[in-house]
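To keep things clear, I will list the structure first and then write my remarks on it.
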């Protein structure tokens, strides 16, 4: 791996309050969805609590399992850093801010669904949030300085799930054995 | 059984199964929430549902806070908490258990190969997720253009805070709508 491995056994130093605060911050910033992009920026790039591979592994499982991909990723990062109490602190941190904000909005604005300007502003914010998601995905591809094989797998995933809208689970079931095989071959090639 | 307890139970019974059925999240979940709260339980009218959906879009947070709002509409703060916990707890427990099981095999050749094999797929799924959100956005080509411009700006200037970009893009769209209207 290119990035220096981060030893998560040392990260026991990360306290539960710090974990809660970090996820609270990214929770209240993640307008327009795109929690994964914010999590990458705040937890991987800024704090360096987990590395790229741990992020990708959590993101893969988080999307393949039922539920919100962002919450699933958060649970796994919390668990990785501080076990079950860490998972709970991270998930509560992520959700408590948005919960309070959405209720405050509901109390103040009961009828915004027909305000054209409000919808336009939300569209604009959502567009930038999609940009953050794209940038995160591209950084992860670029960072790995992937060989032709992994790159082809990424492109195939984007085309089939994103562009052609084939169902995710069967696509992953087809691509995963190929990609894992490539990883095994790569390892043998390097060891030889 | 008192009525308010019965209402909370009904909320939990609607959202907890959805928690485990919502693979890939997004549109399918939204349709089912609408069906349950407007059609089956009459918790909201169609109009109220549209309002709650608009409010949930305006708030930050992962996935849908729509269930929280429906819970709030039906049974106040306890309703909001019940619906939120029901939607997120079952799936969180499932992913927690699976991840823990998976980490037991750490160190084996297979574990590392599977993780390295899934990495390019995960990157692809993140990009595909962005495309999916873009496709369902009501804003059309303007949203696509702004999304691509934002991607380029974030990659070109890593120090640019995304929130600044969010504000600029929101303001741009708001002004454009004002001028058009």
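Structural remarks
- Pairs with Cβ under 9 Å, 6+ apart, first in the range B:33-50 and within 13 Å of another protein chain (Cβ to nearest Cβ) and over 20 Å from residue B:19 (Cβ atoms), second exposed (fewer than 12 other Cβ atoms within 10 Å of the Cβ) and at pLDDT below 90: B:50/A:114
- Residue within the range B:152-160 that is touching a helix residue (DSSP H, G or I) at 6+ places or on another chain (Cβ under 9 Å), under 21 Å from residue A:138 (Cα atoms), crowded, with 21+ Cβ neighbours inside 10 Å and outside the structural domain of residue B:59 (by TED's automatic domain parsing) present: yes
- Residues of the range A:58-70 satisfying the condition of being crowded, with 24+ Cβ neighbours inside 10 Å, within 7 Å of chain B (Cβ to nearest Cβ) and within 12 Å of the chain's Cα centre (by Cα): A:59, A:60, A:62, A:63, A:68, A:69, A:70
- Verdict on residue A:155 being over 27 Å from residue A:27 (Cβ atoms) and under 19 Å from the mean Cα position of the chain (by Cα): yes
- Among the residues examined, residue B:97 qualifies as modelled with pLDDT of 90 or more, in the same structural domain as residue B:10 (by TED's automatic domain parsing) and part of a helix (DSSP H, G or I).
- Screening residue A:43 against (1) buried (at least 20 other Cβ atoms within 10 Å of the Cβ); (2) within 10 Å of another protein chain (Cβ to nearest Cβ); (3) farther than 25 Å from residue B:18 by Cα leaves a single unmet condition, (2).
- When the range A:41-96 is filtered for residues that are assigned to a loop (DSSP other than H, G, I, E, B) and over 21 Å from residue B:59 (Cβ atoms), the ones remaining, listed by number, are A:47, A:48, A:49, A:50, A:51, A:65, A:66.
- Every residue from the range B:63-97 that is facing chain A (nearest Cβ under 7 Å) and over 14 Å from residue A:71 (Cβ atoms): B:69, B:72, B:80
- Residue match in the range B:100-108 (condition: surrounded by 23 or more Cβ atoms within 10 Å (Cβ to Cβ) and under 22 Å from residue A:62 (Cα atoms)): no
- Failed item, numbered, when residue B:60 is tested on (1) part of a helix (DSSP H, G or I); (2) at the interface with chain A (Cβ under 7 Å from one of its Cβ atoms); (3) over 30 Å from residue A:185 (Cα atoms): (1)
- Applying the set (1) over 16 Å from residue A:134 (Cβ atoms); (2) at pLDDT below 90; (3) facing chain A (nearest Cβ under 7 Å) to residue B:108 leaves exactly one unmet item: (3).
The values are calculated or read from the model by the stated rules, or taken from the named source; none is laboratory data. Since the structure is predicted, the reported quantities are computational estimates derived from the model, not experimental observations. Note that each Cβ is placed from the backbone with ideal geometry, even for glycine, and that neighbours are counted across all protein chains shown.
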